[in-house]
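Written below as C-alpha coordinates is the structure these notes are about.
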Amino acid sequence: MSKPVRVRYAPSPTGFPHVGNIRTALFNWLFARHHGGSFIVRIEDTDVARTVEGAVEAILDGLRWLGLDWDEGPEVGGNHGPYFQSQRLKRYQEAADRLVAQGNAYRCYCSSERLDQMRAEQVKHKQPPGYDRACRTLTAEECGIREGQGIVPVVRFKVPLTGQTRTNDLIRGEVVFENSTLDDFVLLKSDGYPTYHLANIVDDHEMKVSHVLRAEEWLSSLPRHLLLYQAMGYQPPLFAHLPMILGTDRSKLSKRHGAVSITEYKEMGYLPETMVNFLALLGWSLDDKTEIMSREQLVQGFSLERVSRTAAIFNIEKLNWMNGVYIRTLTIDDFAQRSLPLLDKKLPAQVKRPLSLDYIRQLAPLFQERARTLAEVPELSDFFFVDELEYDAALLVGKKSTRESTLRCLEASRERILKLDRFDKESLEGSLRPLAEELGVKTGELFGALRTATTGRTAAPPLFETMAVLGKDLCLKRIDVALDKLRGMGL
RNA sequence: GGCGCAUUCGUCUAGCGGCCUAGGACACCUCCCUCUCAAGGAGGAGACCACCGGUUCGAAUCCGGUAUGCGCUACCA
(Lines give C-alpha, C1' and ligand atoms only; values in the text may rest on other atoms or scores of the structure.)
Protein backbone atom coordinates (compact mmCIF):
# COMPACT_ATOMS: atom_id res chain seq x y z
CA MET A 1 0.00 0.00 0.00
CA SER A 2 2.64 2.54 0.94
CA LYS A 3 5.11 3.72 -1.64
CA PRO A 4 8.78 2.93 -1.17
CA VAL A 5 10.61 5.43 0.97
CA ARG A 6 12.77 7.68 -1.14
CA VAL A 7 14.36 10.73 0.39
CA ARG A 8 16.87 13.15 -0.87
CA TYR A 9 19.62 15.42 0.31
CA ALA A 10 19.70 18.39 -2.03
CA PRO A 11 22.62 20.65 -1.25
CA SER A 12 23.47 23.73 -3.18
CA PRO A 13 27.16 24.06 -4.06
CA THR A 14 27.33 27.65 -2.91
CA GLY A 15 29.64 26.96 0.00
CA PHE A 16 31.18 24.26 2.10
CA PRO A 17 29.04 21.71 3.88
CA HIS A 18 27.72 23.38 6.97
CA VAL A 19 27.00 21.21 10.02
CA GLY A 20 23.34 22.19 9.87
CA ASN A 21 23.19 21.01 6.34
CA ILE A 22 24.97 17.81 7.14
CA ARG A 23 22.56 17.19 10.00
CA THR A 24 19.75 17.36 7.46
CA ALA A 25 21.65 14.89 5.29
CA LEU A 26 22.09 12.62 8.31
CA PHE A 27 18.40 12.63 9.19
CA ASN A 28 17.49 11.84 5.62
CA TRP A 29 20.02 9.06 5.54
CA LEU A 30 18.85 7.63 8.87
CA PHE A 31 15.25 7.79 7.73
CA ALA A 32 16.06 6.04 4.46
CA ARG A 33 18.12 3.32 6.12
CA HIS A 34 15.59 2.82 8.89
CA HIS A 35 12.85 2.18 6.37
CA GLY A 36 14.99 0.28 3.93
CA GLY A 37 14.44 3.04 1.40
CA SER A 38 16.68 5.02 -0.89
CA PHE A 39 18.87 7.97 -0.07
CA ILE A 40 19.37 10.26 -3.03
CA VAL A 41 21.84 13.09 -3.41
CA ARG A 42 20.89 15.80 -5.83
CA ILE A 43 23.02 18.85 -6.49
CA GLU A 44 20.98 22.02 -6.73
CA ASP A 45 23.32 24.09 -8.84
CA THR A 46 20.81 26.53 -10.23
CA ASP A 47 22.44 29.65 -8.88
CA VAL A 48 25.21 30.17 -11.37
CA ALA A 49 26.46 33.36 -9.76
CA ARG A 50 26.96 31.95 -6.30
CA THR A 51 28.38 28.57 -7.20
CA VAL A 52 31.65 27.90 -5.41
CA GLU A 53 34.43 25.93 -7.04
CA GLY A 54 35.13 22.66 -5.27
CA ALA A 55 31.97 22.78 -3.19
CA VAL A 56 30.46 19.65 -4.74
CA GLU A 57 33.57 17.65 -3.95
CA ALA A 58 33.66 19.02 -0.41
CA ILE A 59 30.01 18.07 0.11
CA LEU A 60 30.49 14.56 -1.19
CA ASP A 61 33.69 14.17 0.84
CA GLY A 62 31.79 15.23 3.93
CA LEU A 63 29.13 12.60 3.33
CA ARG A 64 31.73 9.94 2.65
CA TRP A 65 33.68 10.86 5.77
CA LEU A 66 30.58 10.35 7.87
CA GLY A 67 29.73 7.16 6.08
CA LEU A 68 26.49 8.47 4.62
CA ASP A 69 26.40 6.47 1.44
CA TRP A 70 23.91 7.39 -1.25
CA ASP A 71 21.98 5.06 -3.50
CA GLU A 72 21.49 7.51 -6.31
CA GLY A 73 23.32 10.68 -7.16
CA PRO A 74 26.66 12.00 -8.33
CA GLU A 75 29.24 9.31 -9.11
CA VAL A 76 26.83 6.43 -8.56
CA GLY A 77 24.12 7.44 -11.01
CA GLY A 78 20.64 5.97 -10.78
CA ASN A 79 17.45 5.60 -12.75
CA HIS A 80 16.16 9.08 -12.18
CA GLY A 81 19.14 11.16 -13.23
CA PRO A 82 20.79 13.33 -14.02
CA TYR A 83 21.39 14.38 -10.44
CA PHE A 84 22.70 17.83 -11.20
CA GLN A 85 19.94 20.32 -11.77
CA SER A 86 22.08 22.22 -14.25
CA GLN A 87 21.72 19.17 -16.47
CA ARG A 88 17.95 19.14 -16.24
CA LEU A 89 17.15 22.61 -17.49
CA LYS A 90 14.95 21.37 -20.29
CA ARG A 91 12.54 19.75 -17.87
CA TYR A 92 12.10 22.93 -15.90
CA GLN A 93 11.55 24.97 -19.00
CA GLU A 94 8.93 22.52 -20.17
CA ALA A 95 7.22 22.65 -16.83
CA ALA A 96 7.25 26.44 -16.89
CA ASP A 97 5.84 26.48 -20.42
CA ARG A 98 3.13 24.11 -19.41
CA LEU A 99 2.15 26.23 -16.44
CA VAL A 100 2.02 29.31 -18.64
CA ALA A 101 -0.10 27.46 -21.19
CA GLN A 102 -2.42 26.26 -18.45
CA GLY A 103 -2.79 29.75 -17.11
CA ASN A 104 -1.03 28.97 -13.86
CA ALA A 105 1.96 31.13 -14.63
CA TYR A 106 2.87 34.13 -16.72
CA ARG A 107 5.82 35.91 -18.16
CA CYS A 108 7.04 38.99 -16.34
CA TYR A 109 9.03 41.71 -18.03
CA CYS A 110 9.69 43.92 -15.06
CA SER A 111 13.27 45.12 -14.69
CA SER A 112 15.16 44.41 -11.52
CA GLU A 113 15.48 48.15 -11.08
CA ARG A 114 11.72 48.53 -11.00
CA LEU A 115 11.43 45.59 -8.64
CA ASP A 116 14.03 47.02 -6.27
CA GLN A 117 12.37 50.39 -6.27
CA MET A 118 8.97 48.87 -5.67
CA ARG A 119 10.26 46.87 -2.75
CA ALA A 120 11.97 49.87 -1.20
CA GLU A 121 8.73 51.78 -1.48
CA GLN A 122 6.75 48.98 0.13
CA VAL A 123 9.13 48.67 3.03
CA LYS A 124 9.07 52.42 3.50
CA HIS A 125 5.30 52.38 3.79
CA LYS A 126 5.38 49.31 6.05
CA GLN A 127 3.68 47.29 3.37
CA PRO A 128 4.54 43.63 3.03
CA PRO A 129 7.15 43.48 0.29
CA GLY A 130 6.16 41.43 -2.72
CA TYR A 131 5.68 41.53 -6.43
CA ASP A 132 2.81 43.84 -7.40
CA ARG A 133 1.63 41.52 -10.19
CA ALA A 134 2.03 44.20 -12.83
CA CYS A 135 2.57 41.64 -15.58
CA ARG A 136 -0.06 39.20 -14.42
CA THR A 137 -2.70 40.64 -16.70
CA LEU A 138 -0.61 41.42 -19.73
CA THR A 139 -2.22 40.47 -23.02
CA ALA A 140 -0.41 38.42 -25.63
CA GLU A 141 -0.04 41.56 -27.62
CA GLU A 142 1.54 43.47 -24.76
CA CYS A 143 3.91 40.60 -24.19
CA GLY A 144 4.84 40.65 -27.83
CA ILE A 145 5.76 44.31 -27.68
CA ARG A 146 8.11 43.71 -24.79
CA GLU A 147 9.65 40.69 -26.44
CA GLY A 148 10.19 42.91 -29.46
CA GLN A 149 12.14 45.28 -27.26
CA GLY A 150 14.44 42.41 -26.47
CA ILE A 151 13.36 42.03 -22.88
CA VAL A 152 13.95 38.51 -21.64
CA PRO A 153 11.15 37.64 -19.26
CA VAL A 154 11.06 35.55 -16.13
CA VAL A 155 8.18 33.20 -15.50
CA ARG A 156 6.14 33.83 -12.39
CA PHE A 157 3.61 31.60 -10.72
CA LYS A 158 0.06 32.89 -10.62
CA VAL A 159 -0.74 32.44 -6.95
CA PRO A 160 -4.46 32.14 -6.19
CA LEU A 161 -5.65 35.40 -4.66
CA THR A 162 -7.87 33.73 -2.11
CA GLY A 163 -8.18 30.53 -0.20
CA GLN A 164 -5.88 28.65 2.11
CA THR A 165 -3.15 26.14 1.59
CA ARG A 166 -2.71 23.62 4.32
CA THR A 167 -0.96 20.41 5.01
CA ASN A 168 0.09 18.16 7.77
CA ASP A 169 3.76 18.48 8.58
CA LEU A 170 5.09 15.20 9.96
CA ILE A 171 6.87 17.02 12.76
CA ARG A 172 4.78 20.12 13.35
CA GLY A 173 1.29 18.96 12.67
CA GLU A 174 -1.17 21.00 10.68
CA VAL A 175 0.11 24.22 9.16
CA VAL A 176 -2.16 26.69 7.38
CA PHE A 177 -1.28 29.59 5.10
CA GLU A 178 -3.47 32.27 3.57
CA ASN A 179 -2.83 32.39 -0.17
CA SER A 180 -3.34 36.13 -0.05
CA THR A 181 -0.09 36.52 1.87
CA LEU A 182 1.93 34.96 -0.95
CA ASP A 183 3.22 36.89 -3.91
CA ASP A 184 3.75 35.71 -7.47
CA PHE A 185 7.17 34.18 -7.09
CA VAL A 186 9.60 33.49 -9.90
CA LEU A 187 9.75 29.99 -11.36
CA LEU A 188 12.16 30.50 -14.18
CA LYS A 189 14.86 33.13 -14.16
CA SER A 190 15.79 35.14 -17.23
CA ASP A 191 18.97 33.12 -17.64
CA GLY A 192 16.85 30.06 -18.25
CA TYR A 193 17.62 28.48 -14.88
CA PRO A 194 14.80 27.54 -12.57
CA THR A 195 14.46 28.84 -9.05
CA TYR A 196 14.59 26.40 -6.17
CA HIS A 197 10.81 26.29 -6.03
CA LEU A 198 10.28 25.00 -9.53
CA ALA A 199 13.29 22.71 -9.76
CA ASN A 200 12.49 21.25 -6.41
CA ILE A 201 8.99 20.09 -7.23
CA VAL A 202 9.79 18.92 -10.74
CA ASP A 203 12.68 16.84 -9.48
CA ASP A 204 11.05 15.50 -6.35
CA HIS A 205 8.19 14.36 -8.52
CA GLU A 206 10.32 12.83 -11.23
CA MET A 207 12.64 11.21 -8.74
CA LYS A 208 9.62 9.79 -6.93
CA VAL A 209 10.64 11.30 -3.64
CA SER A 210 8.27 10.12 -0.92
CA HIS A 211 9.29 12.33 1.99
CA VAL A 212 10.92 15.73 2.08
CA LEU A 213 12.95 16.20 5.23
CA ARG A 214 14.44 19.67 5.23
CA ALA A 215 15.31 22.48 7.61
CA GLU A 216 12.65 24.66 9.16
CA GLU A 217 13.73 27.67 7.14
CA TRP A 218 11.79 26.09 4.29
CA LEU A 219 8.51 25.95 6.10
CA SER A 220 7.53 29.37 4.82
CA SER A 221 8.00 28.15 1.26
CA LEU A 222 5.79 25.15 1.78
CA PRO A 223 2.55 26.74 0.49
CA ARG A 224 4.32 27.78 -2.71
CA HIS A 225 5.43 24.23 -3.26
CA LEU A 226 2.06 22.76 -2.47
CA LEU A 227 0.39 25.15 -4.90
CA LEU A 228 2.91 24.19 -7.54
CA TYR A 229 2.29 20.49 -7.05
CA GLN A 230 -1.37 21.18 -7.42
CA ALA A 231 -0.93 23.21 -10.61
CA MET A 232 1.28 20.54 -12.11
CA GLY A 233 -1.20 17.87 -11.17
CA TYR A 234 1.36 16.07 -9.05
CA GLN A 235 0.79 14.25 -5.82
CA PRO A 236 3.00 16.03 -3.29
CA PRO A 237 5.37 14.08 -1.05
CA LEU A 238 5.05 14.13 2.72
CA PHE A 239 6.87 16.95 4.45
CA ALA A 240 8.83 17.15 7.68
CA HIS A 241 10.53 20.37 8.67
CA LEU A 242 13.52 19.81 10.91
CA PRO A 243 14.53 22.18 13.72
CA MET A 244 17.43 24.48 12.98
CA ILE A 245 20.86 24.42 14.57
CA LEU A 246 21.84 27.73 16.13
CA GLY A 247 25.04 29.28 17.43
CA THR A 248 25.58 29.96 21.13
CA ASP A 249 23.85 33.35 20.81
CA ARG A 250 20.77 31.68 19.34
CA SER A 251 21.27 33.13 15.89
CA LYS A 252 21.66 31.09 12.75
CA LEU A 253 24.98 29.25 12.88
CA SER A 254 27.65 31.15 10.98
CA LYS A 255 31.40 31.63 10.77
CA ARG A 256 31.21 33.92 13.78
CA HIS A 257 30.44 30.91 15.92
CA GLY A 258 33.64 29.13 14.97
CA ALA A 259 33.77 26.06 12.83
CA VAL A 260 30.71 25.47 10.71
CA SER A 261 32.00 23.28 7.94
CA ILE A 262 32.06 19.56 8.52
CA THR A 263 35.53 19.41 6.97
CA GLU A 264 36.80 21.69 9.72
CA TYR A 265 35.67 19.19 12.31
CA LYS A 266 37.65 16.52 10.57
CA GLU A 267 40.72 18.73 10.68
CA MET A 268 40.17 19.52 14.33
CA GLY A 269 40.45 15.86 15.16
CA TYR A 270 36.85 14.80 15.71
CA LEU A 271 35.95 11.26 14.78
CA PRO A 272 33.28 10.69 12.16
CA GLU A 273 31.45 8.32 14.50
CA THR A 274 31.31 11.11 17.08
CA MET A 275 29.93 13.58 14.59
CA VAL A 276 27.24 11.17 13.47
CA ASN A 277 26.20 10.44 17.05
CA PHE A 278 26.34 14.05 18.14
CA LEU A 279 24.53 15.47 15.14
CA ALA A 280 21.84 12.84 15.49
CA LEU A 281 21.16 14.10 19.00
CA LEU A 282 20.72 17.65 17.80
CA GLY A 283 17.00 17.53 17.31
CA TRP A 284 16.33 13.88 17.94
CA SER A 285 16.49 11.53 20.90
CA LEU A 286 15.98 7.83 21.38
CA ASP A 287 14.64 8.02 24.92
CA ASP A 288 15.29 9.85 28.15
CA LYS A 289 18.84 8.64 28.69
CA THR A 290 20.60 6.92 25.83
CA GLU A 291 23.26 9.12 24.32
CA ILE A 292 26.11 7.05 23.00
CA MET A 293 24.78 5.10 20.06
CA SER A 294 26.38 3.23 17.22
CA ARG A 295 25.40 3.88 13.65
CA GLU A 296 23.31 0.72 13.71
CA GLN A 297 21.46 1.75 16.85
CA LEU A 298 20.81 5.12 15.32
CA VAL A 299 19.39 3.58 12.15
CA GLN A 300 17.28 1.21 14.14
CA GLY A 301 15.95 3.75 16.57
CA PHE A 302 15.44 6.73 14.29
CA SER A 303 11.94 8.02 13.82
CA LEU A 304 10.35 11.31 12.87
CA GLU A 305 8.03 11.08 15.88
CA ARG A 306 11.00 11.66 18.11
CA VAL A 307 12.38 14.64 16.25
CA SER A 308 12.02 17.75 18.35
CA ARG A 309 10.42 20.95 17.16
CA THR A 310 12.73 23.41 18.81
CA ALA A 311 15.95 24.77 17.42
CA ALA A 312 19.08 23.32 19.00
CA ILE A 313 22.25 25.11 19.96
CA PHE A 314 25.49 23.52 18.89
CA ASN A 315 27.37 22.86 22.12
CA ILE A 316 31.03 22.23 21.41
CA GLU A 317 31.74 21.27 25.03
CA LYS A 318 29.48 18.28 24.77
CA LEU A 319 30.97 17.38 21.42
CA ASN A 320 34.41 17.37 23.04
CA TRP A 321 33.24 15.06 25.77
CA MET A 322 31.61 12.70 23.32
CA ASN A 323 34.68 12.64 21.11
CA GLY A 324 36.74 11.64 24.14
CA VAL A 325 34.32 8.81 24.82
CA TYR A 326 34.70 7.56 21.24
CA ILE A 327 38.46 7.94 21.27
CA ARG A 328 38.61 5.69 24.31
CA THR A 329 36.65 2.97 22.54
CA LEU A 330 39.20 2.74 19.74
CA THR A 331 41.75 -0.06 19.69
CA ILE A 332 45.31 1.08 20.33
CA ASP A 333 46.19 0.39 16.76
CA ASP A 334 43.24 2.28 15.35
CA PHE A 335 43.92 5.20 17.62
CA ALA A 336 47.56 5.26 16.55
CA GLN A 337 46.67 5.10 12.88
CA ARG A 338 44.13 7.87 13.16
CA SER A 339 46.50 10.05 15.15
CA LEU A 340 49.26 9.75 12.62
CA PRO A 341 48.01 12.35 10.10
CA LEU A 342 47.40 14.89 12.84
CA LEU A 343 50.81 14.27 14.38
CA ASP A 344 52.40 14.63 11.00
CA LYS A 345 50.62 17.87 10.43
CA LYS A 346 51.02 19.48 13.83
CA LEU A 347 54.33 18.34 15.24
CA PRO A 348 57.17 20.91 14.91
CA ALA A 349 58.90 20.99 11.56
CA GLN A 350 62.24 19.89 13.01
CA VAL A 351 60.84 16.52 14.04
CA LYS A 352 62.10 13.97 11.55
CA ARG A 353 59.61 12.59 9.09
CA PRO A 354 58.23 10.14 8.29
CA LEU A 355 56.96 9.46 11.76
CA SER A 356 57.25 5.91 13.00
CA LEU A 357 53.85 4.31 13.33
CA ASP A 358 55.42 1.73 15.57
CA TYR A 359 56.66 4.39 17.98
CA ILE A 360 53.24 6.04 17.92
CA ARG A 361 51.68 2.71 18.84
CA GLN A 362 53.89 2.55 21.90
CA LEU A 363 52.89 5.91 23.23
CA ALA A 364 49.27 5.74 22.07
CA PRO A 365 47.95 4.14 25.28
CA LEU A 366 49.33 7.07 27.25
CA PHE A 367 47.25 9.60 25.38
CA GLN A 368 44.18 7.70 24.37
CA GLU A 369 42.46 8.34 27.66
CA ARG A 370 43.63 11.92 27.86
CA ALA A 371 42.85 13.29 24.43
CA ARG A 372 39.44 14.62 23.58
CA THR A 373 40.34 15.24 19.97
CA LEU A 374 42.99 13.74 17.73
CA ALA A 375 44.41 17.22 17.31
CA GLU A 376 45.27 17.20 21.01
CA VAL A 377 47.56 14.21 20.56
CA PRO A 378 50.45 16.20 19.07
CA GLU A 379 49.98 18.90 21.70
CA LEU A 380 50.12 16.41 24.54
CA SER A 381 52.86 14.21 23.17
CA ASP A 382 55.36 16.47 21.45
CA PHE A 383 58.01 15.74 24.07
CA PHE A 384 58.18 12.21 22.72
CA PHE A 385 59.30 13.56 19.37
CA VAL A 386 61.47 16.62 19.84
CA ASP A 387 65.19 16.40 20.52
CA GLU A 388 65.51 19.21 23.00
CA LEU A 389 63.02 20.08 25.66
CA GLU A 390 62.32 23.70 26.31
CA TYR A 391 61.15 24.54 29.78
CA ASP A 392 61.88 26.87 32.64
CA ALA A 393 64.34 25.38 35.14
CA ALA A 394 62.09 26.55 37.97
CA LEU A 395 59.56 23.92 36.95
CA LEU A 396 61.97 21.24 38.11
CA VAL A 397 61.66 22.40 41.69
CA GLY A 398 58.33 21.46 43.11
CA LYS A 399 56.21 23.73 45.26
CA LYS A 400 57.26 22.04 48.48
CA SER A 401 60.81 21.43 47.40
CA THR A 402 64.12 23.23 47.06
CA ARG A 403 66.81 23.39 44.46
CA GLU A 404 69.18 21.35 46.60
CA SER A 405 66.66 18.68 47.30
CA THR A 406 65.74 18.44 43.64
CA LEU A 407 69.38 18.12 42.71
CA ARG A 408 69.80 15.25 45.13
CA CYS A 409 66.68 13.54 43.78
CA LEU A 410 67.80 13.74 40.18
CA GLU A 411 71.37 12.73 40.90
CA ALA A 412 70.26 9.73 42.89
CA SER A 413 67.72 8.77 40.26
CA ARG A 414 70.38 9.00 37.62
CA GLU A 415 72.53 6.49 39.49
CA ARG A 416 69.66 4.09 39.93
CA ILE A 417 68.57 4.29 36.34
CA LEU A 418 72.10 3.74 35.13
CA LYS A 419 72.17 0.41 36.90
CA LEU A 420 68.90 -0.85 35.50
CA ASP A 421 69.16 -3.77 33.12
CA ARG A 422 65.58 -3.71 32.10
CA PHE A 423 63.86 -0.42 31.45
CA ASP A 424 60.18 -1.13 31.72
CA LYS A 425 57.46 0.23 33.95
CA GLU A 426 57.85 -2.40 36.64
CA SER A 427 61.60 -2.20 37.06
CA LEU A 428 61.49 1.58 36.97
CA GLU A 429 58.87 1.73 39.64
CA GLY A 430 60.54 -1.00 41.69
CA SER A 431 63.71 0.97 41.68
CA LEU A 432 62.53 4.53 42.03
CA ARG A 433 59.66 4.25 44.48
CA PRO A 434 61.89 3.00 47.31
CA LEU A 435 64.36 5.72 46.47
CA ALA A 436 61.99 8.40 47.66
CA GLU A 437 61.92 6.86 51.08
CA GLU A 438 65.65 6.44 51.18
CA LEU A 439 66.10 10.10 50.33
CA GLY A 440 63.49 11.06 52.84
CA VAL A 441 61.28 12.86 50.32
CA LYS A 442 57.70 12.37 49.28
CA THR A 443 57.19 10.29 46.17
CA GLY A 444 55.44 13.24 44.62
CA GLU A 445 58.52 15.35 44.96
CA LEU A 446 60.84 12.81 43.41
CA PHE A 447 58.46 11.80 40.66
CA GLY A 448 57.60 15.41 39.94
CA ALA A 449 61.23 16.34 39.42
CA LEU A 450 61.72 13.35 37.16
CA ARG A 451 58.58 14.15 35.26
CA THR A 452 59.71 17.65 34.47
CA ALA A 453 63.20 16.48 33.64
CA THR A 454 62.04 13.80 31.23
CA THR A 455 59.04 15.53 29.66
CA GLY A 456 59.57 19.22 30.29
CA ARG A 457 56.08 19.36 31.76
CA THR A 458 54.42 19.20 35.13
CA ALA A 459 51.40 17.43 33.71
CA ALA A 460 51.98 14.34 31.64
CA PRO A 461 51.01 10.67 31.48
CA PRO A 462 52.16 8.31 34.30
CA LEU A 463 55.89 8.66 34.85
CA PHE A 464 57.18 5.12 34.57
CA GLU A 465 55.24 4.25 31.45
CA THR A 466 56.37 7.47 29.90
CA MET A 467 60.00 6.84 30.76
CA ALA A 468 59.81 3.30 29.49
CA VAL A 469 58.66 4.49 26.09
CA LEU A 470 61.21 7.27 26.04
CA GLY A 471 63.99 4.76 26.65
CA LYS A 472 66.96 4.67 28.96
CA ASP A 473 69.35 6.75 26.89
CA LEU A 474 66.97 9.60 26.31
CA CYS A 475 65.90 9.68 29.93
CA LEU A 476 69.49 9.80 31.12
CA LYS A 477 70.32 12.50 28.64
CA ARG A 478 67.36 14.60 29.72
CA ILE A 479 68.18 14.16 33.38
CA ASP A 480 71.68 15.42 32.68
CA VAL A 481 70.27 18.45 30.93
CA ALA A 482 67.97 19.05 33.90
CA LEU A 483 70.88 18.76 36.30
CA ASP A 484 72.79 21.37 34.32
CA LYS A 485 69.81 23.66 34.35
CA LEU A 486 69.50 23.30 38.10
CA ARG A 487 73.15 23.94 38.73
CA GLY A 488 72.95 27.05 36.64
CA MET A 489 70.01 28.35 38.56
CA GLY A 490 70.39 31.51 40.59
CA LEU A 491 73.94 32.15 39.41
C1' G B 1 5.52 45.58 8.60
C1' G B 2 3.22 40.61 7.03
C1' C B 3 3.20 35.34 7.45
C1' G B 4 4.95 30.91 9.80
C1' C B 5 7.25 28.08 13.67
C1' A B 6 8.84 27.65 18.55
C1' U B 7 9.18 28.50 24.20
C1' U B 8 11.21 22.43 30.32
C1' C B 9 18.07 23.37 34.42
C1' G B 10 23.65 27.79 31.22
C1' U B 11 23.47 23.90 26.96
C1' C B 12 21.40 19.10 24.54
C1' U B 13 17.05 16.81 26.00
C1' A B 14 12.95 13.18 28.60
C1' G B 15 7.88 14.31 29.40
C1' C B 16 2.47 13.41 24.80
C1' G B 17 -3.66 14.77 31.89
C1' G B 18 -2.57 11.95 37.57
C1' C B 19 3.88 7.62 37.91
C1' C B 20 6.79 14.98 38.06
C1' U B 21 7.91 17.79 45.28
C1' A B 22 10.05 17.37 36.59
C1' G B 23 14.28 12.30 34.74
C1' G B 24 19.16 11.78 31.90
C1' A B 25 23.67 14.05 29.64
C1' C B 26 27.52 18.11 28.96
C1' A B 27 29.63 22.00 31.73
C1' C B 28 30.27 23.44 37.11
C1' C B 29 31.33 22.15 42.57
C1' U B 30 32.76 18.36 46.49
C1' C B 31 34.75 13.70 47.73
C1' C B 32 37.18 8.89 46.39
C1' C B 33 41.16 6.71 43.42
C1' U B 34 46.23 8.69 42.52
C1' C B 35 53.41 10.30 41.12
C1' U B 36 51.09 15.15 38.00
C1' C B 37 47.24 15.54 34.24
C1' A B 38 43.41 12.83 32.59
C1' A B 39 40.10 8.72 32.82
C1' G B 40 36.90 6.25 36.27
C1' G B 41 33.58 6.02 40.75
C1' A B 42 30.26 8.54 44.46
C1' G B 43 27.65 12.87 45.72
C1' G B 44 25.96 18.22 45.07
C1' A B 45 24.14 22.60 43.14
C1' G B 46 21.17 23.98 39.00
C1' A B 47 14.16 24.54 35.82
C1' C B 48 8.62 29.27 40.11
C1' C B 49 8.07 23.83 33.09
C1' A B 50 8.03 32.23 29.21
C1' C B 51 3.64 34.99 31.11
C1' C B 52 -1.84 35.57 31.81
C1' G B 53 -6.41 33.37 31.54
C1' G B 54 -9.53 29.01 30.46
C1' U B 55 -10.96 23.54 30.24
C1' U B 56 -10.59 19.58 34.05
C1' C B 57 -11.59 16.41 40.29
C1' G B 58 -6.40 17.10 38.52
C1' A B 59 -2.01 20.52 33.43
C1' A B 60 4.80 21.04 31.97
C1' U B 61 1.27 18.19 29.20
C1' C B 62 -5.32 20.45 26.18
C1' C B 63 -7.44 25.58 24.46
C1' G B 64 -7.04 31.10 23.89
C1' G B 65 -4.28 35.56 24.39
C1' U B 66 0.35 38.15 25.42
C1' A B 67 5.60 38.41 25.37
C1' U B 68 10.08 36.81 23.54
C1' G B 69 13.13 34.18 20.05
C1' C B 70 13.94 32.22 15.32
C1' G B 71 12.78 31.64 10.16
C1' C B 72 10.74 33.35 5.50
C1' U B 73 9.32 37.69 3.01
C1' A B 74 15.33 37.76 -3.93
C1' C B 75 15.52 36.58 -11.28
C1' C B 76 19.59 32.62 -3.26
C1' A B 77 19.03 28.10 -1.88
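The values are calculated or read from the model by the stated rules, or taken from the named source; none is laboratory data. All figures in this text were calculated on a predicted structure; none of them were measured in a lab. No Cβ is skipped: glycine too gets one built from the backbone with ideal geometry, and neighbour counts run over all protein chains shown. Keep in mind that these areas ignore ligands, DNA and RNA; they rest on the heavy atoms of the full protein, side chains included. Shrake-Rupley method; radii C 1.70, N 1.55, O 1.52, S 1.80 Å.
Structure summary
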item: Cβ-based charge dipole, chain A, positive-most Cα from A:SER405, A:CYS135, A:ASN28; result: A:CYS135
item: Fraction in percent of alpha-carbon pairs per bin - 10 Å, the stretch A:204-246; result: 27, 54, 16, 2
item: DSSP beta bridges in chain A [antiparallel fraction, %, rounded to 5]; result: 55
item: Spacing of the two label points (7 Å from each Cα toward its C-beta) at A:GLU438 and A:LYS208, in nm; result: 8.2
item: Most to least accessible of A:LYS399, A:LYS425, A:LYS252, A:LYS442 (protein chains only, probe 1.4 Å); result: A:LYS399, A:LYS442, A:LYS252, A:LYS425
item: Additional length obtainable on full extension of the chain from A:ILE145 to A:GLN300, 0.36 nm per residue less Cα span; result: 49.7 nm
item: Cα-Cα over 29 Å, subset of A:LYS352/A:LYS472; A:LYS346/A:LYS419; A:LYS158/A:LYS255; A:LYS318/A:LYS400; A:LYS158/A:LYS252; A:LYS425/A:LYS485; result: A:LYS346/A:LYS419; A:LYS158/A:LYS255; A:LYS318/A:LYS400; A:LYS158/A:LYS252
item: Check: chain A dipole with +1 on Lys, Arg Cβ and -1 on Asp, Glu Cβ, in debye; result: 640
item: Isolated Cys residues of chain A, judged by Cβ distance under 4.7 Å to other cysteines; result: A:CYS110, A:CYS143, A:CYS409, A:CYS475
item: With every protein chain in place, chain A: carbon and sulfur % of accessible area (1.4 Å); result: 51
item: Principal-axis tilt of helix A:316-329 within chain A, Cα atoms, nearest 10 degrees; result: 60
item: A:ARG372 accessible area, assembled protein chains, probe 1.4 Å, Å²; result: 100
item: Cα centroid separation, the stretch A:313-380 to the stretch A:148-180 (Å); result: 52
item: Cα-based Rg of the stretch A:88-242 normalised by 2.2 N^0.38 Å, two decimals; result: 1.08
item: C-alpha long axis of helix A:196-206 to longest principal axis of chain A, angle in °; result: 90
item: Structure-based [θ]222 nm, chain A - -39500 (n - 2.57) summed over DSSP H runs of at least 4, per residue, nearest 500; result: -14000 deg cm²/dmol
item: Listed residue (A:TYR109, A:LEU355, A:SER86) projecting farthest to the positive dipole end of chain A, Cβ model; result: A:TYR109
item: Overall Cα dimensions of the stretch A:429-477 - principal axes, largest extent first, Å; result: 26, 20, 17
item: Under 20 Å from the Cα of A:LYS3 - lysines, other chains or at least 8 residues apart; result: A:LYS208
item: Compactness of chain A, expressed as Rg and Dmax over alpha-carbon positions, Å; result: 32.0, 108
item: Convex hull projection area averaged over all views, the stretch A:331-384, Cα basis, nm²; result: 3.2
